[in-house]
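Accompanying notes for the structure given below.
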Amino acid sequence: MKIDLNTFRLSGTEPTKTRFLVAGILMLAVSVAGYFMDSHQFFFSYLTAYLFWLSLGLGSLFLVLLFHLTGTRWGSVLRRIIETAAVSLPVMAIFFIPILFGMHELYHWADPEVVAHDEILRAKSGYLNFTFFVIRAAVYFSVWTFLAWKLYSKSLEQDSNPQAEQIHAMRRISAPGMILFAITSSFAAFDWVMSIEPHWFSTIFGLYIFSGGLLMALSFIVLFASDLRRQGLLTTTITTEHYQDLARLIFSFTIFWGYMAFSQYFLIWYANIPEETIFFLKRGVGSWRIISWVLVLGNFLLPFIVLMPRAVKRNNIALSVVAVWVILMHYIDLVWIVMPVHHTQGIHFSWMDLTTLAGIGGIYMWVFWIRFAAQPVVPVGEPSLDESIAFTNN
Amino acid sequence: MSVTLTKSKPGALEEVPLIKGNQTFRSITEKISEITERKTALTWVLLFSLAASVALLFFAQIGYLFWEGIGIWGLQNPVGWGWAIVNFVFWVGIGHAGTLISAVLFLFRQKWRTSINRFAEAMTIFAVIVALVFPGIHVGRVWVAYFMFPLPNQMQMWPNFRSPLLWDIFAVGTYFTVSLMFWYTGLIPDLATLRDRAKTRLRKITMGILALGWRGGNKQWKHYEMAYLLLAGLSTPLVLSVHSVVSTDFATSIIPGWHTTIFPPYFVAGAIFSGFAMVLTLAIIARKAYGLENIITIQHFEKMNKIIMVTGMMVGYAYGMEFFIAWYSGNEYEKFAFINRAFGPYAWAYWIMITCNVLIPQLYWSKKMRTSVPVMFTISIFVNIGMWFERFVITVTSLANDYLPSSWDYYSPTIFDIGLLIGSFGLFFSLFLLFIRFLPMISMAEVKGVLPQADPHHYEGEAHHG
């Protein structure tokens, strides 16, 4: 892979794209075979993998909105990577279709038989019913696609013909966009994740899922930029200073995740009401208990301590290791939320967990690379770009 | 690299300087110090007399309360927590903006904070003092208030460490201590400036002691900045933790409308929201009274208004989520609690809250509204009314209509409930007026740091142009 330093365009990206496409198709094909062997396992593995990649897109979309609203300058060099991760989100709408075929396996409330004998689910059927579920999903994807696409195309427009008007336009979209994002992402978390245990409820759940997605997106940016760096690309554009700030954000949102997780656990533990504690009791059964502790120590305490020294934040290898760890923990967090519903007795590893993850991921990254390779890899028209390149923390 | 100027870039937004009126280091010192050095103005004396009289009323009522007991309030069964708790949460919340401005915005490298952080921090300290009065007098037998602290004693009596009320003591106590240290550390260079300018011997000695031997050398600045950074780092988690702990006073219970998992972040957002509104109210008055238009500019106000708008919508998000999940839970008690709030006997309070906190800040979508001083002054007061009512709605509605309909009752305040709320403003404004009279209300050292002249490369450009 090479870069033209005048236009900031990449060339020789074909092998990368092909690798992702082939891996994606292959792994999805293997996963389909898995569907015929154990459809229950397939859908649960699939949903976990789906949420994992979706959270990358949503976390990125949030960051793009945030960048525009706050007028971020230090991070302008990173904006194109984030925008591209966000604008790949619509591919997740296609991957949503299999979930609709797995409604019976994943969501009890989708079974009229079950609802007929369940008073609580009958009370919720105005919201939890198949038709409304599909309509809502369509609304979420329309909103996300519109926002990501609109901001991405404005940003490309800025590349060729920079005008102050574009910055205004991006802000104008981002302000109501942020409100729409907050509403849609929370309700998507209720619909797709919380309702797999349809009796259980928690008002903070939308924020909890969101905080994980943000960690995912930030760690992805670190890893992706570091990977370019190892290939000798953008080494003087994305500098140690930017990594340090990204690491600070990962540090902050590690605390944010811990805050959300603690608020949810603590208030439910303290009040000790059976209809709420059931969620944590299920995750305290057998080996799930170990995973609960892994999350406390691994998704909060360890990154919290490791990311504190300045030296770690400014060491690319150390930071990359932390980013891989944070992403791994994010995946385990999703497994911990989704899987105990299916494997009630303890952790159960299935090869489909991996194939679905790699399958959806392969296609997502393929879509990502098609866009990323087609445009300048930094927003070349952004007026604050030079300032961002020259940015230092001191 | 010397790429610092973005103005010439195509497609860039025009940059407005933070501080207006071509200020120099000297003019900033003159402007701010002079306020504390001039003769006391008659208006100040009148205002202080008014505030101090109201504060006196506050203490008189507290005296009566100690004599007579908390029966003088409108508390009854089942509403055992009335205005005193509402006022406590209200005042603690007010404090949060100060910490956010001084600590969080510092870590986020927001230079505009320098014009407003000093008096926002002072506001924090005074608001926390006022807040702490309420739980203190609410204990009833105030002479055994020390029971609240885990003091070793021969009876082996300890407070309940699992009680959120005890955590409040720790949370608010820590908050007060750290805020005070942070505020004082920030004051040191400015106190030294006042010392150096002092005309009388008494003032020189007083300011000299307070300035802790500050000489402004390189080494001192280096230590000072490290201390400031560390205190900012310590204060940042406090912005979140204090009101989270306050929220657990309610949320660890099993009362519908109190027990919900979103409470900690929801309370924090509300606290910042109300605190910013209060900073704005005070800043508008002080700016006008002392002619600080060039240092606290419309740009500062606009940024604060944006934060009010964002946090207002976060609070709106929480209202919405609570309502939705109450329905979604399928739990009839939860459902009732929220329908009762919106359409029950306290509906008027609920809709005041919604109007002030969610609807009125929407005016800020228009830049004209965000930059109009009369409009923002009005809105800032509405927000504070709304946030007081939020705490009222939470505290009272959930208690007044609890699980047992036979014990339901309508809560009304007595003259002493109202009197103590008004009195608390008296105490707050007395302290605040003393502050603006005797201490530099704007951080001179920090404002100078954001002037263009403070940039080490500032004079290079001029040499270049010849």
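The values are calculated or read from the model by the stated rules, or taken from the named source; none is laboratory data. A quick note: this is a predicted structure, and the numbers were derived from the prediction, not measured. Note: ideal-geometry Cβ built from the backbone for every residue, glycine included; neighbour counts use all protein chains shown. To get the accessible areas, we keep the full protein, side chains included, count just its heavy atoms, and leave off ligands, DNA and RNA. Shrake-Rupley method; radii C 1.70, N 1.55, O 1.52, S 1.80 Å.
For this structure, a couple of remarks:
- Unique match (being assigned to a helix (DSSP H, G or I) and either in contact (Cβ under 8 Å) with a residue 24 or more places away in the chain or within 14 Å of chain A (Cβ to nearest Cβ) (or both)) among B:285, B:307, B:254, B:205: B:307
- Residue within region A:279-297 that is closer than 18 Å to residue A:328 by Cα, under 18 Å from the mean Cα position of the chain (by Cα) and not acidic (Asp, Glu) present: yes
- Scan region A:212-228 for residues that are surrounded by fewer than 23 Cβ atoms within 10 Å (Cβ to Cβ) and among the hydroxyl-bearing types (Ser, Thr, Tyr) and the total you get is 1.
- Condition check for residue A:278: in contact (Cβ under 8 Å) with a residue 12 or more places away in the chain and within 14 Å of chain B (Cβ to nearest Cβ): yes
- The lone exception for residue A:174 - which of (1) open to solvent by less than 30 Å² (accessible area, probe 1.4 Å); (2) in a helix (DSSP H, G or I); (3) within 11 Å of chain B (Cβ to nearest Cβ) it fails: (3)
- Flag for residue A:267 being of a type in the set (A, V, I, L, M), free of Cβ contacts under 8 Å to residues at least 12 places away in the same chain, assigned to a helix (DSSP H, G or I) and within 14 Å of chain B (Cβ to nearest Cβ): yes
- The lone exception for residue A:195 - which of (1) open to solvent by 10 Å² or more (accessible area, probe 1.4 Å); (2) touching a residue at least 60 places away in the same chain (Cβ under 8 Å) it fails: (1)
- Residue selection: residue B:351 fails the criterion of being of a type outside the set (A, V, I, L, M), open to solvent by 70 Å² or more (accessible area, probe 1.4 Å) and farther than 26 Å from residue B:246 by Cβ.
- Number of the condition not met by residue A:252 [criteria: (1) touching a helix residue (DSSP H, G or I) at 6+ places or on another chain (Cβ under 8 Å); (2) modelled with pLDDT under 95; (3) closer than 24 Å to residue A:54 by Cβ]: (1)
- Every residue from region A:11-41 that is in a helix (DSSP H, G or I) and farther than 30 Å from residue A:371 by Cα: A:33, A:34, A:35, A:36, A:37, A:39, A:40, A:41
- Cβ pairs under 6 Å, 6+ apart, first in region A:202-229 and more than 14 Å from every other protein chain (Cβ to nearest Cβ) and farther than 15 Å from residue A:265 by Cα, second open to solvent by less than 10 Å² (accessible area, probe 1.4 Å) and among the acidic types (Asp, Glu): A:212/A:333
- Residue that is most open to solvent (accessible area, probe 1.4 Å), among those in region B:403-435 that are among the aliphatic types (A, V, I, L, M), at pLDDT 90 or above and farther than 14 Å from residue B:51 by Cα: B:415
- Any hit, region B:8-21, residues being under 27 Å from the mean Cα position of the chain (by Cα), within 30 Å of residue B:207 (Cα to Cα), at pLDDT below 90 and surrounded by fewer than 16 Cβ atoms within 10 Å (Cβ to Cβ): yes
- Count of region A:340-367 residues, restricted to those that are hydrophobic (A, V, I, L, M, F, W, C), touching a helix residue (DSSP H, G or I) at 6+ places or on another chain (Cβ under 6 Å) and either within 14 Å of another protein chain (Cβ to nearest Cβ) or over 19 Å from residue A:32 (Cβ atoms) (or both), is 3.
- Residue in region B:158-169 that is at pLDDT 85 or above and either among the charged types (D, E, K, R) or closer than 30 Å to residue B:217 by Cα (or both) present: yes
- Here region A:201-217 is the region considered, the condition is being closer than 25 Å to residue B:327 by Cα and small (Gly, Ala, Ser), and the residue that is farthest from the chain's Cα centre (by Cα) is A:202.
- Helices (runs of 4 or more DSSP H) enclosed by region A:278-349 - at least 2 residues per element that are at pLDDT 95 or above and within 16 Å of residue A:211 (Cα to Cα): A:302-306, A:316-338
- The single condition from (1) of a type outside the set (A, V, I, L, M); (2) under 25 Å from residue B:294 (Cα atoms); (3) surrounded by 13 or more Cβ atoms within 10 Å (Cβ to Cβ) that residue B:24 fails is (3).
- Residue count for region A:177-222, restricted to those that are acidic (Asp, Glu) and within 18 Å of residue A:299 (Cα to Cα): 0
Table: residues versus (1) crowded, with 22+ Cβ neighbours inside 10 Å; (2) assigned to a loop (DSSP other than H, G, I, E, B); (3) touching a helix residue (DSSP H, G or I) at 6+ places or on another chain (Cβ under 9 Å).
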position: B:56; (1), (2), (3): no, no, yes
position: B:91; (1), (2), (3): yes, no, yes
position: B:127; (1), (2), (3): yes, no, yes
position: B:131; (1), (2), (3): yes, no, yes
position: B:155; (1), (2), (3): no, yes, no
position: B:170; (1), (2), (3): no, no, yes
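- Subset of region A:90-109 that is farther than 28 Å from residue A:379 by Cβ and open to solvent by less than 20 Å² (accessible area, probe 1.4 Å) - its residue that is farthest from the chain's Cα centre (by Cα): A:109
- Those residues of region A:5-33 which are among the basic types (Lys, Arg) and in contact (Cβ under 8 Å) with a residue 40 or more places away in the chain, in sequence order: A:9, A:17
- For residue A:87, the conditions (1) open to solvent by less than 10 Å² (accessible area, probe 1.4 Å); (2) on the phi > 0 side of the Ramachandran plot all hold with the exception of (2).
- Of the numbered criteria (1) assigned to a helix (DSSP H, G or I); (2) open to solvent by 40 Å² or more (accessible area, probe 1.4 Å); (3) not polar (S, T, N, Q), the one residue B:109 fails is (1).
- Close contacts from region B:217-228, counting a first residue that is at pLDDT 90 or above and a second that is outside any helix (DSSP H, G or I), with Cβ to Cβ under 8 Å and a gap of 6+ residues or different chains, come to B:220/B:214.
- For region B:269-303, a residue qualifies if it is of a type in the set (Asp, Glu) and farther than 23 Å from residue B:44 by Cα, and exactly one does: B:302.
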